[in-house]
Every structure is written in structure tokens, then in C-alpha cells.
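First the structure, in the form of C-alpha cells, and then the observations on it.
The values are calculated or read from the model by the stated rules, or taken from the named source; none is laboratory data. Model, not experiment: these values are computed from the prediction. Virtual Cβ from ideal backbone geometry, glycine too; neighbours counted across all protein chains shown. Protein only, heavy atoms only, side chains kept; ligands, DNA and RNA dropped before computing areas. Shrake-Rupley method; radii C 1.70, N 1.55, O 1.52, S 1.80 Å.
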Amino acid sequence: MKRRTQRVLSLATGISTLAGCVALAATQTAAVHAAGPNYAFPQHQTYKVGVMPSASQATRDAAVEKQYDSWKSTYLVHGCASNEYYVSTKGDGDATNNGPVSEGQGYGMNIVPLMAGYDASAQTEFNGLWQLVKDHEDQYGLMQWQLDGKSCKYYSSGTPDGATDGDLDIGYGLILADEQWGGYTSDAKTWLTNFWNHDVAPDGHLKCEDDGPNTDTRPSDHMIDHLRAFAAYDTSHDWSKVISRTEAVDSSLVSNYSSSAGLLSDFVVGADGSSPKPAPANYQEDQPDNIVGYNSIRVPWHMGTDALLNGSSAASFELGDAKKWEACAKQVSGDNPANVYPHLNLNCTGYNTSDVAEEAGDSIGPSAMAAGDQAWTDKIWSYLQTNPYGDGYYGETIKTLVMIVMAGDYWSPASASTPPPADDFSVSASPASGSVSQGSAATVSVGTSVTSGSAESVALTASGLPSGATAAFSPASVSSGASSTLTVSTAATTPAGTYPITITGTASSGSHTASYSLTVTGSGGGTCTGAQLLANPGFESGATSWTQSSTLGFTPITKATSAEPAHSGSWVAWFNGNSSKDTDTVAQTLTIPAGCTATLTYWLHIDTTENTTTAKPDTFKAQVLNSSGTVLATVGSFSNLNAASGYSQQTADLSSYAGQTITLKFTGSETDTSGGTTNSVIDDTAVTTS
């Protein structure tokens with residue numbers, strides 16, 4: 001049977017795409033609950049080949065947490081029963097009323113166990129995802145592949161059936177859950193037996209669906225790392241046969257149809273014979289199934305991940321193909337991840353260069369890492385922090401999984417240590433030093449990380465303070481992996497000098513420390529030369545000295561218009577106002593000299609068409625960040641409710657950051673949820689010392 005779903009992409013035509021093959025539902029069992037996760041996020045991995053993004057591990061972990069929070073709040077919803085959860089296809093039209101497809105349910109059952117520990121509700125959510133699968137079985141005990149979002153009833157044509165990619169991910173998710181919490185062994189092995197009986201063809205290759213023919217396959221289902229985990233977990237079936245046959249099919253296709261680029265078509269026919277070949281153009285879907293499309297864009301993600309986890313010996317074919325695929329993507333996109341087209345001819349030329357999608361560039365990341373291409377890896381990691389085309393469920397869910405891999409937090413249940421590692425953590429301080437005048441205060445971001453085992457409660461203290469100084473942590477204790485802000489306040493009588501302060505984190509597993517050097521300077525006159533510290537403060541030289549970003553691709557720093565005039569001169573920084581969901585930023589890094597008082601000033605004008613006197617769908621903030629990108633303080637906060645005619649000058653005291661290098665960041669966010677739009681415009685900024 002054919003399945004067609006619509007992916008609606010910004011700047012692209014609607015693309016019909018197969019939702020995938022369904023996941024299997026095991027026996028009805030009571031919800032499993034454990035004392036806590038065995039492998040709490042983050043579980044830092046050392047991959048067997050390749051490079052990591054240049055961003056620090058703490059920065060990568062934080063990015064994953066941010067993406068997970070966004071994904072969970074948008075796509076993880078209660079199902080049609082109180083004990084069910086499902087992954088909504090919101091934004092892509094893959095199921096009526098934003099309902100689930102088995103592909104997405106499998107993604108969720110992989111993501112949630114990997115984020116356990118960070119997400120205290122992870123097991124409850126996993127059990128709800130699994131419950132929905134069990135409540136919607138097809139004739140083979142697998143999940144019905146497409147459900148309505150309100151009734152959760154199967155609504156696609158024909159007899160309910162399942163899809164192989166969902167089957168694979170749900171099986172892998174059950175193994176992850178069994179390693180993470182225990183108690184899922186029976187469910188997992190029943191699932192793998194049903195998968196073997198209905199999704200594996202007699203010769204060992206993977207079928208496209210459980211009720212489909214034994215002659216075709218879909219390369220985006222070829223998740224070899226999942227199959228290796230099945231082989232380690234379930235010795236009652238010959239998973240090595242499936243791995244070997246899958247690699248043989250892919251190798252034949254690459255050799256005969258894409259030897260230089262290593263590309264694999266969306267669908268393949270003749271998979272049970274000696275000469276598999278790309279399927280005809282409209283074999284399963286109303287898009288060219290004989291080239292790379294919205295199915296096979298996932299191949300470099302899976303190939304690269306298997307190579308990273310299993311190395312050049314066990315995953316020789318996968319590593320070789322990952323190198324070819326990422327090189328092709330780099331070439332055809334002009335070294336720009338945003339221009340990796342979702343449709344590619346097998347000779348590595350763009351089939352449709354007007355069609356763009358976030359997930360096409362995202363998926364290249366693990367292959368770029370495995371290939372050892374540092375610059376390309378870093379570009380893709382930075383690209384993952386954006387969503388330039390406003391993609392919905394499909395792109396944002398793939399992004400979440402790819403980010404976990406690229407952050408070095410993707411652990412395989414096939415190689416998970418037994419017993420779980422002992423709990424441990426680390427403590428860090430950023431910046432590592434600071435300077436204040438007598439009677440002033442310094443702030444320090446204190447970070448903690450899980451270095452092994454699970455997260456635990458860490459109490460924070462400081463010692464080595466000079467006379468008259470006090471230390472306060474906000475909060476005073478954190479779960480390892482989270483951060484706190486330390487404020488060291490000095491008195492007017494605190495002696496001038498440099499003091500080594502020891503920051504100690506104490507948990508049940510033990511204590512760890514970090515060092516912070518505080519320099520106290522005299523408060524007498526003549527210690528500070530007054531100055532204005534911001535470069536290009538009125539934007540009259542365009543973006544010079546400023547960095548800027550926009551999720552819609554519009555640069556905030558721009559020429560003023562009659563609609564949004566400048567406060568002075570002819571340039572402004574103009575945030576939002578596009579009648580679309582958007583986040584715009586403008587930032588500059590500066591150093592405030594020790595012993596100085598510092599004042600931020602800027603002129604702000606807000607106008608809006610939002611019709612509300614209470615809601616704040618659109619916001620504007622001025623914030624201070626440290627060198628690691630951690631927000632130290634929000635020194636200005638406004639919304640559509642602050643709309644007024646003309647400019648008003650805003651001020652904030654930055655004296656507590658004397659002796660530190662900080663980043664001043666302005667951020668405008670528009671949600672597009674209330675029907676109106678808001679413009680926030682700033683001009684004539686300054687940071688003045690005295």
C-alpha cells in the first residue's frame with residue numbers, strides 16, 4: 001500500500017512523504033517505575049572515530065537541554081487516555097489533528113530515556129509513550145502507523161499496518177529504557193521477536209512495512225547501530241544476518257548508482273536479489289522515490305552515528321559512506337548547511353534547489369564528525385542552534401536526536417557499562433577571576449557537570465573571602481549539571497588586594513572545588529578614567545563591532561525608515577515586527593575596567609498591533625552574559641505592553657561587572673500567538689564609566 005503525508009515547509013512546496021514503518025506493541029503490562037536513571041544525562045562519550053564540535057562540553061550539554069525543553073513543550077503531549085503520551089506531528093501535517101505516527105513515537109522513545117536525569121519525569125513520559133503504542137496494535141502486534149490526534153483512531157486507508165523505521169526506534173527505545181531503569185526486558189524481547197517475524201525479509205534485509213513485500217527496502221530504515229544493539233541484547237535471533245544483508249544491499253547500490261557521492265535513494269526494489277536498484281520515481285510516494293528525498297536525508301545521520309559508536313573496523317562501510325555523503329553535501333551546498341537540499345540526484349547535484357528544509361543540513365552532522373571535518377562539523381553545530389525555515393515536528397525532532405549525538409551524549413545500550421558508573425561531578429567557575437572596587441560586588445557563574453553515574457544534589461559554599469566580604473549563591477544547591485550564580489560583596493573597609501577564593505561543591509559522592517581570584521581595588525578618586533566603552537554605539541557603521549542574528553534571516557541592524565525613524569543619525573537596531581514567530585539578537589563584548597562605576601543607557605521605542613492589555617506574546621530584553629554565554633543578569637525587560645509613541649531612554653547599573661569582560665545582548669522575541677506584531681527599536685546605546 002502507499003502512504004502519503006504532507007510536510008509543509010517554509011519557502012518550499014508541500015512535499016508528500018512516507019511517515020514510515022510502524023513500531024511494534026508488546027504485551028500489556030503495568031507501568032514500570034525505578035528509583036532513578038542508571039545513566040543520567042549527560043553521559044559524556046568518547047567516540048571511536050572523528051572529531052567533536054569545537055564548543056566546550058558544557059556548552060554542548062546546555063544546547064541539548066535547551067533544544068530538548070523546546071521539543072518537549074511543543075511536541076510531547078498527553079495521548080487520548082490519561083496514561084498515554086504521543087509525539088505530535090504539529091507543523092508537518094503527517095496525521096490529522098496533529099496526531100502521532102509510529103516514526104515519531106519511536107523518536108520520542110529514544111529521546112526521553114537519553115534525557116533521563118535532566119528530565120525528572122522521563123520515565124513517566126516513556127511509559128506513556130509505550131502505553132499508547134500498546135493500545136494501538138495492528139494485526140501483527142505492531143503500532144498502527146498513523147493516528148488521529150483527537151480520537152487516536154487509525155484513519156489511513158486499508159487495514160492498519162506498521163512501518164519499519166518506527167518498529168526499529170521503538171525496539172531500540174525499549175532496550176534503552178531497560179538499561180536506564182530496568183523492568184522492560186519482556187516487552188523489549190517480545191517486540192524484537194515481532195519485528196523479526198514481520199519486518200525482516202527471509203534473506204535478512206529490512207522490509208518497508210510489516211505487511212509489505214519481501215522485495216523492497218528503504219535505506220533510511222537502515223539504522224545499523226540499532227541492529228548492533230539488538231544483536232547484543234537478543235541472542236535468540238540472527239541479527240548479524242540482518243546487518244550483513246543490509247550492508248550488502250547498500251554497498252551494491254552505492255557501487256552501481258552513486259560510487260563517488262555515496263548517496264542512497266528513498267526506496268529500493270530488488271532488495272532480495274543480487275542487483276538491488278533505486279525504485280521507480282513514484283513507487284511509494286508522490287515525490288521522486290528514485291533519488292534522495294525526505295526519507296533518505298536521514299541516512300548520513302544513521303551512517304555517521306554507527307561509525308562514531310562502533311569505529312572503523314566494525315563499521316567500515318558506514319564510515320566510508322559517511323565520508324562520501326558529507327563531502328557531497330558540503331560541495332552541493334557551497335559549504336552552507338542551510339543549503340543542503342532535501343532532494344539530491346544520485347550524482348550529487350540538486351534535483352530541486354528551491355526546496356529547503358532544516359533537517360537536510362542537520363542530518364549531515366554525525367557524518368561530518370565521523371569524517372573528521374572539523375570546520376564543517378562546527379558549521380553544522382552552529383546551524384543546529386537555528387531553525388531558518390521554521391520547520392515543524394520532523395525537522396525539530398531529528399534536530400534533537402542529532403544534537404544529542406553531536407554533543408557527545410549519545411550512549412549505546414550495547415556498550416553501556418554494567419554496573420552503572422558511580423555518581424560523580426565537577427565544579428567550574430566562569431570567569432576565573434574578577435576585580436571590584438571596595439564596597440562593590442562581583443558575580444561568578446558556577447557550573448556543575450555529571451562526570452559519571454547520575455545527577456545528585458550539590459551544595460555550594462565559598463571560602464577564602466577577604467575581611468568584610470560575603471558570598472551568596474543563587475541557588476545555594478543545584479542538581480549536578482545545573483549552574484548557580486555566586487555574588488561576592490565587599491565592604492568599604494575590605495582591604496585592597498588579590499584573594500584566592502575556593503568554591504566547594506558537596507554531594508553524597510564527595511566534594512569538588514573550583515578556584516576564583518578576586519582583586520579588590522581602592523575606592524578613592526583617580527582609579528577610573530571615564531569613558532564610553534561601546535564601539536559603533538549608534539549603529540551608524542552598520543553592524544561593525546556588533547554581532548547579530550535572526551531566526552527569520554533578517555538582520556536587525558538596518559537603515560531607519562519613516563515608519564521606524566532613528567533617535568539620531570540614520571541607522572537603528574530593529575527587532576521583530578515581521579508578523580511571524582521570530583527571535584532577533586544584537587550583542588557586543590566589552591571589558592569594564594576595575595575600580596569603575598558603569599552605566600548602560602539606550603533609547604528604546606516599542607510599537608505594537610497586539611490587541612491585549614494583559615498578555616505579553618512579544619518581549620524585548622537587555623541582558624549581561626559572561627564569556628561562556630551564561631546569562632548573568634537581565635538588566636532591562638519590556639513587552640508589547642510597553643508600547644508608546646517616540647523613544648524613551650533606559651538605564652541600568654553595570655558597576656558590579658567592573659574588572660570583567662562581559663557581553664551586552666539585546667534580544668527581541670515574537671511568538672505570533674495573538675494575531676498582532678510588535679516592533680522594538682533601539683538607538684544611541686552607551687556604556688559610560690566614571
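Quick notes on this one:
- Pick from the range 675-688, criterion open to solvent by less than 10 Å² (accessible area, probe 1.4 Å) and modelled with pLDDT of 90 or more, ranking: nearest to Ser517 (Cα to Cα): Val687
- Within the range 82-108, restricting attention to residues that are touching a strand residue (DSSP E or B) at 6+ places or on another chain (Cβ under 6 Å) and among the small types (Gly, Ala, Ser), the residue that is surrounded by the most Cβ atoms within 10 Å (Cβ to Cβ) is Ser102.
- Annotation: Ala563 fulfils all but one of (1) open to solvent by less than 70 Å² (accessible area, probe 1.4 Å); (2) more than 34 Å from the chain's Cα centre (by Cα); the unmet one is (1).
- Considering residues of the range 109-135 that are closer than 19 Å to Pro42 by Cβ and among the small types (Gly, Ala, Ser) only, the residue surrounded by the most Cβ atoms within 10 Å (Cβ to Cβ): Ala116
- Cβ-Cβ distances below 6 Å connect the following pairs, each with a first residue in the range 361-378 that is touching a residue at least 12 places away in the same chain (Cβ under 8 Å), a second residue that is of a type in the set (Lys, Arg), and a separation of six or more residues or different chains: Asp362/Lys399; Ser363/Arg298; Ala371/Lys323; Trp376/Lys330.
- So Leu263, is it touching a Phe, Trp or Tyr at 6+ places or on another chain (Cβ under 8 Å), in a helix (DSSP H, G or I) and more than 17 Å from Asp216 (Cβ to Cβ): no
- Filter result (part of a loop (DSSP other than H, G, I, E, B) and under 25 Å from the mean Cα position of the chain (by Cα)) within the range 580-604: Ser580, Lys581
- Within the range 446-465, the residues that satisfy the criterion of being open to solvent by less than 40 Å² (accessible area, probe 1.4 Å), out of contact with any Gly (no Cβ under 7 Å at 6 or more places or on another chain) and over 19 Å from Gly117 (Cα atoms) are Val446, Ala462.
- Residue list for the range 610-635, restricted to those being among the small types (Gly, Ala, Ser) and open to solvent by less than 10 Å² (accessible area, probe 1.4 Å): Ala622
- Boolean, Ala658 is within 30 Å of Gly497 (Cβ to Cβ), touching a residue at least 12 places away in the same chain (Cβ under 8 Å) and either touching a Gly at 6+ places or on another chain (Cβ under 7 Å) or open to solvent by 10 Å² or more (accessible area, probe 1.4 Å) (or both): yes
- Residue in the range 151-168 that is touching a Pro at 6+ places or on another chain (Cβ under 9 Å) and within 16 Å of Gly99 (Cβ to Cβ) present: yes
- Of all residues in the range 530-541, one or more are open to solvent by 60 Å² or more (accessible area, probe 1.4 Å) and closer than 30 Å to Ala491 by Cα.
- Among the residues making up the range 230-253, those that are open to solvent by 10 Å² or more (accessible area, probe 1.4 Å) and part of a helix (DSSP H, G or I) are Ala231, Ala232, Tyr233, Ser240, Lys241, Ile243, Ser244, Arg245, Glu247, Ala248, Ser251, Ser252.
- Selection from the range 263-285 of residues that are surrounded by 19 or more Cβ atoms within 10 Å (Cβ to Cβ), of a type in the set (Gly, Ala, Ser) and in contact with a Pro (Cβ under 9 Å, 6 or more places away or on another chain): Ser265
- Qualifying residue in the range 642-650 (condition: open to solvent by 10 Å² or more (accessible area, probe 1.4 Å) and farther than 18 Å from Ala566 by Cα): yes
- Flag if Gly79 is open to solvent by 10 Å² or more (accessible area, probe 1.4 Å) and on the phi > 0 side of the Ramachandran plot: no
- None of Gly569, Gly526, Gly505 is at pLDDT below 90, of a type outside the set (Val, Ile, Thr) and either open to solvent by less than 30 Å² (accessible area, probe 1.4 Å) or farther than 30 Å from Asp391 by Cα (or both) except Gly526.
- Of all residues making up the range 340-391, the number that are farther than 20 Å from Ala261 by Cα, crowded, with 24+ Cβ neighbours inside 10 Å and either modelled with pLDDT under 95 or β-branched (Val, Ile, Thr) (or both): 3
- Selected residue [closer than 30 Å to Thr74 by Cα and of a type in the set (Ser, Thr, Tyr)] from Thr448, Thr443, Thr504, Thr494: Thr448
- Residues in the range 181-217 that are surrounded by fewer than 24 Cβ atoms within 10 Å (Cβ to Cβ) and among the aromatic types (Phe, Trp, Tyr): Trp181, Trp196.
- Residue identified as touching a Ser or Thr at 6+ places or on another chain (Cβ under 6 Å) and open to solvent by 20 Å² or more (accessible area, probe 1.4 Å) among Asp672, Asp607: Asp672
- Considering residues of the range 136-178 that are modelled with pLDDT under 90 and surrounded by fewer than 19 Cβ atoms within 10 Å (Cβ to Cβ) only, the residue nearest to Thr190 (Cα to Cα): Thr159
- Conditions (1) free of Cβ contacts under 8 Å to residues at least 60 places away in the same chain; (2) out of contact with any Leu (no Cβ under 9 Å at 6 or more places or on another chain): number failed by Asp653: (2)
- Of the residues making up the range 255-309, those that are touching a residue at least 40 places away in the same chain (Cβ under 8 Å) and charged (D, E, K, R) are Asp266, Asp272, Glu285, Asp286, Arg298, Asp306.
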